[in-house]
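Notes to accompany the following structure.
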2 protein chains.
Amino acid sequence: MLSQIVTEGSLAIDATAGNGNDTLFLAGLVGETGQVWAFDIQKQAIENTRRRLTEAGMLHRVRLIHGGHEEIDRFVPQKVHAVLFNLGYLPGGDTGIVTVPETTVKALEKSRELLWPGGILCLAVYWGHPGGKEEKEAVEGWAAQLSPYAWDVEKISFPNRNIAPFVMVIQKKCLEA
Amino acid sequence: MLSQIVTEGSLAIDATAGNGNDTLFLAGLVGETGQVWAFDIQKQAIENTRRRLTEAGMLHRVRLIHGGHEEIDRFVPQKVHAVLFNLGYLPGGDTGIVTVPETTVKALEKSRELLWPGGILCLAVYWGHPGGKEEKEAVEGWAAQLSPYAWDVEKISFPNRNIAPFVMVIQKKCLEA
């Protein structure tokens, strides 16, 4: 789905760079004429991402920002086609450093305002850590109150797995119905 | 997804023929060498489906059964690749005639036993009618208790729409993990 919306020349944000998987994926999609912004509050995540982008020869397509994604609007001066979030902790990293409801919801709200019509927010929500349930509920509550006339919200979950992560895809409608 | 699993020569079941949309779709996928069984407790649904299949020249690919899907195993003598359910009421039909938890869960359980490894159950759950919430909960409870080692269960829901239908895709794993 992302690869239909994020294409050559697109602008996109990885709000949680982590190990750089999603940043690399987005950098590939936007091509030489597009731009990606990647945020992370962990220095290690920014370094990991920088290394992977360098190896792939795509570092010039990405602006790496060592800072919180709740300040996304300070760094991104334009409307974008997609914003990705991996909420929870950095896989393989310090599980004591996690995203938290207050900044997450602030970042989601700012991301929403940055989207072009037709653009999408993609959230992967990991919530099996202390505080994860509160963040899950904050994210679900935020998504549920989005106007169905302006936003398509789809949640993909795995009901027979215990505390499984879930995915939300939130698309800004092209025309309000 | 269905069209990757249900192909020429496949066997499939439409557990709720309704207006025949899904039956027609399955009959197209299974081709001349496959077979579809379509159930409905409403005479009108069976007639609607028969007419649509006849118009499409595919009636010979489908066995129409005017009866409850909880008896699915009496009519289908073989393992199948897919079983489709539209739970709730017949769109455009009598909203007083609805599927109910007892027979639905029985039918789901029997369908599950009829699946080949790799085969899928697809459920569209409409629950905005009296009794709908109970059926929704029965279906969710049934799906949640399926072993994650033997079944992949995915739920697709629309959290910002009021009492929106949701979809479940339940796939029997090829190998138990």
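The values are calculated or read from the model by the stated rules, or taken from the named source; none is laboratory data. The structure presented is a predicted model; accordingly, all values stated were derived computationally and were not measured. Cβ sites come from the backbone with ideal geometry, for glycine too, and all protein chains shown count toward neighbours.
Filtering the range A:67-92 to residues that are over 13 Å from the mean Cα position of the chain (by Cα) and more than 22 Å from residue A:135 (Cα to Cα) leaves A:74, A:75, A:76, A:77, A:78, A:79. The set of residues from the range B:71-121 being surrounded by 14 or more Cβ atoms within 10 Å (Cβ to Cβ) and basic (Lys, Arg) comprises B:106, B:110, B:112. Looking only at residues of the range B:24-44 that are over 12 Å from residue B:83 (Cβ atoms) and crowded, with 18+ Cβ neighbours inside 10 Å, we find that the one that is modelled with the lowest pLDDT is B:41. Could you tell me whether any residue of the range A:21-41 is touching a residue at least 60 places away in the same chain (Cβ under 8 Å), of a type outside the set (Lys, Arg) and over 17 Å from residue A:76 (Cβ atoms)? No: the range A:21-41 contains no residue that is touching a residue at least 60 places away in the same chain (Cβ under 8 Å), of a type outside the set (Lys, Arg) and over 17 Å from residue A:76 (Cβ atoms). A single member of A:155, A:79 is under 24 Å from residue A:173 (Cα atoms), basic (Lys, Arg) and within 14 Å of another protein chain (Cβ to nearest Cβ), and it is A:155.
Considering the range A:1-90, the qualifying helices (runs of 4 or more DSSP H), each wholly inside and each with 3 or more residues that are more than 17 Å from residue A:118 (Cα to Cα), run over A:21-30, A:43-55, A:72-75.
Residues that are facing another protein chain (nearest Cβ under 10 Å), part of a loop (DSSP other than H, G, I, E, B) and surrounded by 15 or more Cβ atoms within 10 Å (Cβ to Cβ) within the range A:162-177 comprise just one, A:164. Out of the range B:120-146, which residues are facing chain A (nearest Cβ under 10 Å), part of a loop (DSSP other than H, G, I, E, B) and either in contact (Cβ under 8 Å) with a residue 24 or more places away in the chain or touching a His at 6+ places or on another chain (Cβ under 8 Å) (or both)? Within the range B:120-146, just B:146 meets the criteria.
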